[in-house]
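The values are calculated or read from the model by the stated rules, or taken from the named source; none is laboratory data. All of these numbers come straight from a predicted model, not from anything done at the bench. Every residue, glycine as well, gets a Cβ built from its backbone with ideal geometry; the counts of neighbours run over all protein chains shown.
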There are 2 protein chains.
Amino acid sequence: MTKPAVVTGIEALRGALAELRRADESIGFVPTMGALHEGHARLIEVARRDCEHVVVSIFVNPLQFDRRDDLDRYPRTLGADVEICGSLGVDFVFAPSAAEMYPTEPACVVDVHRLGDHLCGAFRPGHFRGVATVVMKLFQIVQADRAYFGEKDAQQLAIIRRMVRDLDVPVEIVGVPTVREGDGLALSSRNRLLSAGERSKAIALFKALESVRHAIAAGEHDAAALVRAAAATIPADPAIRLEYLQIVEPEELQPVSAVTGPVIVAGAMWVGTTRLIDNIRTSQS
Amino acid sequence: MTKPAVVTGIEALRGALAELRRADESIGFVPTMGALHEGHARLIEVARRDCEHVVVSIFVNPLQFDRRDDLDRYPRTLGADVEICGSLGVDFVFAPSAAEMYPTEPACVVDVHRLGDHLCGAFRPGHFRGVATVVMKLFQIVQADRAYFGEKDAQQLAIIRRMVRDLDVPVEIVGVPTVREGDGLALSSRNRLLSAGERSKAIALFKALESVRHAIAAGEHDAAALVRAAAATIPADPAIRLEYLQIVEPEELQPVSAVTGPVIVAGAMWVGTTRLIDNIRTSQS
């Protein structure tokens, strides 16, 4: 285990990476907001296997938070994150300040149009424009050969794939399957905000998604009926609130009325003051 | 004079340019919509002087035309353009089809917010979003060291500079002064749409802009008064219509009420069915 270089300046990172590129060595990139967990570790491991060098960015991007309290409360654990990166053979941790990334309020941003209309996009105005914009900036700074994203953030992954295609960004996007706890809970930096009692309730979202998979396998294809039945599996508990549960096609994330091909079933659920998301992919059996 | 390679495919161009980059040779990029004239030639000459290789793109970008008739009528002279590029030592002419650049309608685009609110942006809805999006795509495809833009398109140049800064695009933007005819008319691909009679009337726009320069030098700093006096210099002629004449600060292109520092004075004027633009830079004397 060698210590990764922690770089906070854009030009410093560019300079270091330019040397690697001149030597024609491949660069894998894992953009994160820190508070690293096993899900991120999986992304880094895949990047490590594919590429000669790995860059992990740690930046809690203010542009993608629609609520100030959520931004303030987002876990920040840089010291521990750098340790984890070191143990996984990461070469560079890029940890810029907000002032380094946004010296002035950006006028030019990446808009995502209809891809942000549904799922989380419907509940977090401007969120995916903020995500697309910061990821575009990071792509321009790192100029990696490949970038790694978790499938847990399905809408984010679909939007990044589309952005790369629409704007011809020279990077290969690699989606990595969601890492789950033993009971199925998707790993998330936000899980550490849950109390023990909340943690046990959090599994309801994954169970609801799985119920859709089973109902499709059993022959139910009507989206409204599937969603209704799935929502009914969520326990009546004042600490839990299902924000949405929706079935969409995997390309443009538009809602389907009937399941006749591959779909993404995605949901968001509040447990106390913590918002969790999850999704599964399935298709008509 | 060697013939430039004419490339129509994105991947073919990427492949050819990757070789140059591996050899650490510099690439200059001149994006155009074709119908090349002396103004473009100046851009190419500057690029030629600065860089080891020069790429000229020729693409009439449908995304930036708000009017279908204007898109259809825009001059297209590929054969002559390639000749000119050859005579100027261009290495690659990139001339993609619309289907190559937009295989599907783009969902992710570059928005320019307030930078598109005034000047031409106020009269051509979506125009600068289309410009920023196609230039971003071309930057991603060519990955040049430097890109060259004419100062004649002042709003475009300011927006591209801002896009590169806001999104950290690794390219240096070089602005090149407007090339003018003997009487001062700014060179434009659209000039070739003018009849001889219209050509002689077209100079009124530049004369109006110059009158603002003189009035500022003479001590007038009130923007409204300056614009009023300049508009009054435009001959009363049914073939001529001033679309706008505006004084803005050079960074974010917001209108000023008083000239207290450097400004851009910009205008658009219709001569018959042809729309011409021009601008000058000046400052309080």
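For A:Ile141, are the conditions met, namely being within 27 Å of A:Pro62 (Cβ to Cβ), in contact (Cβ under 8 Å) with a residue 12 or more places away in the chain and crowded, with 22+ Cβ neighbours inside 10 Å?
Working: within 27 Å of A:Pro62 (Cβ to Cβ): yes; in contact (Cβ under 8 Å) with a residue 12 or more places away in the chain: yes; crowded, with 22+ Cβ neighbours inside 10 Å: yes.
When the stated conditions are applied, A:Ile141 passes them.
Listed residues A:Ala47, A:Ala35, A:Ala80; which is in contact with a Pro (Cβ under 6 Å, 6 or more places away or on another chain) and assigned by TED's automatic domain parsing to the domain that holds A:Lys137? Step through it out loud before you land on a result.
Values: A:Ala47 fails: in contact with a Pro (Cβ under 6 Å, 6 or more places away or on another chain); A:Ala80 fails: in contact with a Pro (Cβ under 6 Å, 6 or more places away or on another chain).
So the residue among A:Ala47, A:Ala35, A:Ala80 that is in contact with a Pro (Cβ under 6 Å, 6 or more places away or on another chain) and assigned by TED's automatic domain parsing to the domain that holds A:Lys137 is A:Ala35.
Do you know which residues across segment A:70-87 are over 20 Å from the mean Cα position of the chain (by Cα) and either part of a loop (DSSP other than H, G, I, E, B) or modelled with pLDDT under 95 (or both)?
none
For B:Ser195, work out the one condition from (1) farther than 17 Å from B:Ala268 by Cβ; (2) buried (at least 17 other Cβ atoms within 10 Å of the Cβ) it doesn't fulfil.
Condition not satisfied by B:Ser195: (2).
Does segment B:186-193 include one or more residues that are assigned to a helix (DSSP H, G or I), farther than 23 Å from B:Ala41 by Cα and either touching a Phe, Trp or Tyr at 6+ places or on another chain (Cβ under 8 Å) or not assigned by TED's automatic domain parsing to the domain that holds B:Ile264 (or both)?
Step one: of segment B:186-193, the residues assigned to a helix (DSSP H, G or I) are B:189-193.
Now drop any that are not farther than 23 Å from B:Ala41 by Cα, which leaves none.
No.
Can you tell me which residue within segment B:165-183, out of those that are in contact with a Gly (Cβ under 9 Å, 6 or more places away or on another chain) and in a loop (DSSP other than H, G, I, E, B), is surrounded by the most Cβ atoms within 10 Å (Cβ to Cβ)?
Residue satisfying both the conditions and the ranking: B:Thr178.
Would a scan of segment A:98-106 turn up a residue that is assigned by TED's automatic domain parsing to the domain that holds A:Ala154, touching a strand residue (DSSP E or B) at 6+ places or on another chain (Cβ under 7 Å) and not basic (Lys, Arg)? Reasoning before the result, please.
The initial filter retains those residues of segment A:98-106 that are assigned by TED's automatic domain parsing to the domain that holds A:Ala154, namely A:98-106.
In the following step, the residues that additionally are touching a strand residue (DSSP E or B) at 6+ places or on another chain (Cβ under 7 Å) were identified as none.
Checked against the condition, which is being assigned by TED's automatic domain parsing to the domain that holds A:Ala154, touching a strand residue (DSSP E or B) at 6+ places or on another chain (Cβ under 7 Å) and not basic (Lys, Arg), segment A:98-106 yields no hits at all.
Which number in (1) more than 13 Å from the chain's Cα centre (by Cα); (2) within 13 Å of chain B (Cβ to nearest Cβ); (3) surrounded by 24 or more Cβ atoms within 10 Å (Cβ to Cβ) marks the one condition that A:Phe128 misses?
(1)
Which condition from (1) crowded, with 16+ Cβ neighbours inside 10 Å; (2) more than 14 Å from chain B (Cβ to nearest Cβ) is the one that A:Asp69 breaks?
Unmet for A:Asp69, out of (1) crowded, with 16+ Cβ neighbours inside 10 Å; (2) more than 14 Å from chain B (Cβ to nearest Cβ): (1).
When you scan segment B:200-216, do you find a residue that is within 14 Å of chain A (Cβ to nearest Cβ) and not acidic (Asp, Glu), even just one? Break it down into steps so the answer makes sense when it comes.
To start, the set of residues in segment B:200-216 that are within 14 Å of chain A (Cβ to nearest Cβ) comprises none.
Looking through segment B:200-216, none of the residues is within 14 Å of chain A (Cβ to nearest Cβ) and not acidic (Asp, Glu).
Please count how many residues of segment A:144-164 are more than 13 Å from chain B (Cβ to nearest Cβ), under 30 Å from A:Asp24 (Cβ atoms) and either touching a His at 6+ places or on another chain (Cβ under 9 Å) or surrounded by fewer than 24 Cβ atoms within 10 Å (Cβ to Cβ) (or both).
4
Across segment A:165-199, which residue is nearest to the other protein chains (Cβ to nearest Cβ) among those that are within 30 Å of B:Arg14 (Cα to Cα) and β-branched (Val, Ile, Thr)? Before you say what the answer is, go through the steps one by one.
Applying the first criterion (within 30 Å of B:Arg14 (Cα to Cα)) to segment A:165-199 yields A:165-176.
Those still in the list that are β-branched (Val, Ile, Thr) too: A:169, A:171, A:173-174, A:176.
Details: A:Val169: 5, A:Val171: 9, A:Ile173: 13, A:Val174: 19, A:Val176: 22 Å.
So the residue we want is A:Val169.
I want to confirm something. Restricting to segment A:251-285 and keeping residues that are more than 16 Å from A:Val227 (Cα to Cα) and among the β-branched types (Val, Ile, Thr), which single residue is surrounded by the fewest Cβ atoms within 10 Å (Cβ to Cβ)?
A:Thr273
Residues that are in a helix (DSSP H, G or I), facing chain B (nearest Cβ under 8 Å) and hydrophobic (A, V, I, L, M, F, W, C): does segment A:90-106 have at least one?
Pass one, segment A:90-106, residues in a helix (DSSP H, G or I): A:98-101.
Adding the requirement that they be facing chain B (nearest Cβ under 8 Å) leaves none.
Checked segment A:90-106: no residue is in a helix (DSSP H, G or I), facing chain B (nearest Cβ under 8 Å) and hydrophobic (A, V, I, L, M, F, W, C).
Being more than 10 Å from chain B (Cβ to nearest Cβ) and of a type in the set (A, V, I, L, M) is the filter here, so list the residues in segment A:107-125 that pass it.
Quick first cut of segment A:107-125, residues more than 10 Å from chain B (Cβ to nearest Cβ) only: A:117-125.
Result: A:Leu119, A:Ala122.
The conditions are (1) assigned to a helix (DSSP H, G or I); (2) of a type outside the set (D, E, K, R); (3) touching a Lys or Arg at 6+ places or on another chain (Cβ under 7 Å), and B:Leu205 fails exactly one of them. Which is it?
So the condition that B:Leu205 fails would be (3).
Can you tell me which residues in segment B:1-38 are polar (S, T, N, Q) and surrounded by fewer than 16 Cβ atoms within 10 Å (Cβ to Cβ)? Lay out the reasoning, then the answer.
In the first step, residues of segment B:1-38 are kept if they are polar (S, T, N, Q); the result is B:2, B:8, B:26, B:32.
Answer for segment B:1-38, where residues must be polar (S, T, N, Q) and surrounded by fewer than 16 Cβ atoms within 10 Å (Cβ to Cβ): B:Thr2, B:Thr8, B:Ser26.
Do the conditions hold for A:Ala41, that is, is it exposed (fewer than 14 other Cβ atoms within 10 Å of the Cβ), part of a helix (DSSP H, G or I) and either within 14 Å of another protein chain (Cβ to nearest Cβ) or within 23 Å of the chain's Cα centre (by Cα) (or both)? It would help to see each step written out before you state the result.
Working: exposed (fewer than 14 other Cβ atoms within 10 Å of the Cβ): no; part of a helix (DSSP H, G or I): yes; either within 14 Å of another protein chain (Cβ to nearest Cβ) or within 23 Å of the chain's Cα centre (by Cα) (or both): yes.
When the stated conditions are applied, A:Ala41 does not pass them.
Whether any residue in segment B:8-15 is more than 14 Å from chain A (Cβ to nearest Cβ), free of Cβ contacts under 8 Å to residues at least 40 places away in the same chain and not aromatic (Phe, Trp, Tyr) is what I want to check. Don't jump to the end; show me each part of the working.
At the first step, the residues of segment B:8-15 found to be more than 14 Å from chain A (Cβ to nearest Cβ) are B:8.
Restricting the remaining residues to those that are free of Cβ contacts under 8 Å to residues at least 40 places away in the same chain gives none.
No, segment B:8-15 contains no residue that is more than 14 Å from chain A (Cβ to nearest Cβ), free of Cβ contacts under 8 Å to residues at least 40 places away in the same chain and not aromatic (Phe, Trp, Tyr).
Please find, within segment B:108-123, the residue that is nearest to the chain's Cα centre (by Cα) out of those that are surrounded by 20 or more Cβ atoms within 10 Å (Cβ to Cβ) and in a loop (DSSP other than H, G, I, E, B).
Top of the filtered list is B:Leu119.
Surrounded by 18 or more Cβ atoms within 10 Å (Cβ to Cβ) and either within 14 Å of chain A (Cβ to nearest Cβ) or small (Gly, Ala, Ser) (or both): is that true of B:Ala231 in this structure?
Working: surrounded by 18 or more Cβ atoms within 10 Å (Cβ to Cβ): no; either within 14 Å of chain A (Cβ to nearest Cβ) or small (Gly, Ala, Ser) (or both): yes.
For B:Ala231, the condition - surrounded by 18 or more Cβ atoms within 10 Å (Cβ to Cβ) and either within 14 Å of chain A (Cβ to nearest Cβ) or small (Gly, Ala, Ser) (or both) - is not met.
Output the number of the condition that B:Thr104 fails; it satisfies all remaining conditions of (1) farther than 15 Å from B:Val30 by Cβ; (2) touching a helix residue (DSSP H, G or I) at 6+ places or on another chain (Cβ under 9 Å); (3) surrounded by 14 or more Cβ atoms within 10 Å (Cβ to Cβ); (4) of a type outside the set (Lys, Arg).
(3)
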